[in-house]
Amino acid sequence: MDVTDRSAFRALHRAAEPTVLGPLLDAATLAPPIAARVAVRARALVRAARKAHTPGADVSDFLREYGLGTREGVALLCLAEALLRIPDAATADAFIEDRITGVDWQSHLGQADSLTVNASSWAFMLTGRVLALDASHETGVAGTIQRMVRRIGEPLIQAALRQGMRVLARQFVIGRTIEEALTRAAAPASQRWRHSFDMLGEAARTRDDAARYMRAYLDAIGAVGRACGGPVNGPGISVKLSALHPRYEPLQAANCVPQLIALLTTLARAAKHADIGLTVDAEEADRLEISLDIFAAVLADPGLRDWDGLGLAVQAYQKRALPLIDWIADLAGRTNHHVPVRLVKGAYWDTEIKLAQVLGLDGYPVFTRKTATDVSWIACALRMLARRDVLRPAFATHNAHSLAVILEAAGDTNFEMQ
């Protein structure tokens, strides 16, 4: 595929799902003997994971009781992901109140095998009841008591929740700073893992935000490089282009693309100097084409000629994913690089669906069914393994079957798996 010709995946952007799935099913179909081995391996992975689990203060205990299909589970994960990075107590209090109140914690009392989870259920229920107290319209003794309970209870609640969320938060947030994250990653229990550090945060809204994120990325690259270098075997950094420019959007391409090329080039050169990998994270579908303009320009930078650490994340739930793999492979060949490609399922599904509906569009840029995304992921993974002459495959999945496909298809070849 000619890197200047993107017509192949432009045609698939909002194409009808059956039209896109036909070729993907062909590309993802495994020979019967291989498919049989994949099924056996997938079941073995699930059984081994269940056998290895012991009830206690483990995140899986929380997820077993508070599933992602419940309001309680969503509230817990939102708290876990956000509490450690909220900078001030007032914002933390407001966030806790927003997520804890109005949720049915009582139905979970005593339902889990884990003492920690059951105790947490009591804490969540009592927290919700205290925070739900509204004494603004109460007068006399009743109002005084309610205001006192809330005033006395809130500091204790905040401290208890931070402690209660630690089990969940440490699963998703490895540290509040890059130094803290590196310390935890260096612990004996973590030594058998490789790491890719991703700074949690929203997109930049102002130029001051973007400048702050840029400094944070440069500091993180330096810290990781000092701790452990090597773009293939060592930890790396993931960067969001939306954090580097407040107007990272197609209608502002003439303005943001040149600036982002310069900023990403600076980060890439810093990563090369630190001898670590740098991955450009995938974001919303409407930003894909301008992100490719930026990535292609930076990859062609003469200062990066002898470094293969600049990579790209690809979302399998986008209908353009498979031709995008071909596009990246062609770009890698033209620039004489081995490009790291991290294949993920996708993280903005709700946003993509709602945005298309708000705009009144006929189709979606993403698959509407999980099974279709899984098919796309397998087709892309097999294509990436077939193009190891110019790509360095990396895969991310929570699906035992998807993992089993890679283990069977990759053979003895090294690859990265998240």
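The values are calculated or read from the model by the stated rules, or taken from the named source; none is laboratory data. Everything numeric here is computed off the predicted structure, so don't read it as measured data. Here the Cβ is made from the backbone with ideal geometry for all residues, glycine too, and neighbour counts use every protein chain on show. The area values use the complete protein model at the heavy-atom level, side chains included, leaving out ligands, DNA and RNA. Shrake-Rupley method; radii C 1.70, N 1.55, O 1.52, S 1.80 Å.
Brief remarks follow.
Quick grid of which residues meet (1) open to solvent by 40 Å² or more (accessible area, probe 1.4 Å); (2) over 26 Å from the mean Cα position of the chain (by Cα); (3) modelled with pLDDT under 65:
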residue: 48; (1), (2), (3): yes, no, no
residue: 68; (1), (2), (3): yes, no, yes
residue: 76; (1), (2), (3): no, no, no
residue: 94; (1), (2), (3): yes, no, no
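- Whenever a residue of region 10-25 is in contact (Cβ under 8 Å) with a residue 40 or more places away in the chain and among the aliphatic types (A, V, I, L, M), its partners that are open to solvent by 60 Å² or more (accessible area, probe 1.4 Å) and assigned to a helix (DSSP H, G or I), lying with C-beta atoms within less than 9 angstrom and at least six residues away or across chains, give the pairs 12/19.
- The set of residues from region 246-265 being within 22 Å of the chain's Cα centre (by Cα) and over 22 Å from residue 342 (Cβ atoms) comprises 246, 247, 249.
- Any hit, region 234-247, residues being closer than 30 Å to residue 353 by Cβ, touching a helix residue (DSSP H, G or I) at 6+ places or on another chain (Cβ under 8 Å), assigned to a loop (DSSP other than H, G, I, E, B) and aliphatic (A, V, I, L, M): yes
- Considering region 145-232, the qualifying helices (runs of 4 or more DSSP H), each wholly inside and each with 2 or more residues that are modelled with pLDDT of 80 or more and more than 20 Å from the chain's Cα centre (by Cα), run over 178-185, 207-227.
Condition check ((1) over 14 Å from residue 387 (Cβ atoms); (2) at pLDDT below 95; (3) open to solvent by 30 Å² or more (accessible area, probe 1.4 Å); (4) over 21 Å from the mean Cα position of the chain (by Cα)) across all residues:
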position: 290; (1), (2), (3), (4): yes, no, no, no
position: 293; (1), (2), (3), (4): yes, no, yes, yes
position: 305; (1), (2), (3), (4): yes, yes, yes, yes
position: 310; (1), (2), (3), (4): yes, no, no, no
position: 314; (1), (2), (3), (4): no, no, no, no
position: 324; (1), (2), (3), (4): no, no, no, no
position: 339; (1), (2), (3), (4): no, no, no, no
position: 343; (1), (2), (3), (4): no, no, no, no
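The rows are residues; the columns are (1) touching a His at 6+ places or on another chain (Cβ under 7 Å); (2) touching a residue at least 24 places away in the same chain (Cβ under 8 Å); (3) within 20 Å of residue 30 (Cα to Cα).
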{"site": "343", "(1), (2), (3)": "no, yes, yes"}
{"site": "349", "(1), (2), (3)": "no, yes, no"}
{"site": "352", "(1), (2), (3)": "no, yes, no"}
{"site": "358", "(1), (2), (3)": "no, no, no"}
{"site": "376", "(1), (2), (3)": "no, yes, yes"}
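- Of the residues screened, residue 385 is one that is part of a helix (DSSP H, G or I), free of Cβ contacts under 8 Å to residues at least 40 places away in the same chain and open to solvent by 10 Å² or more (accessible area, probe 1.4 Å).
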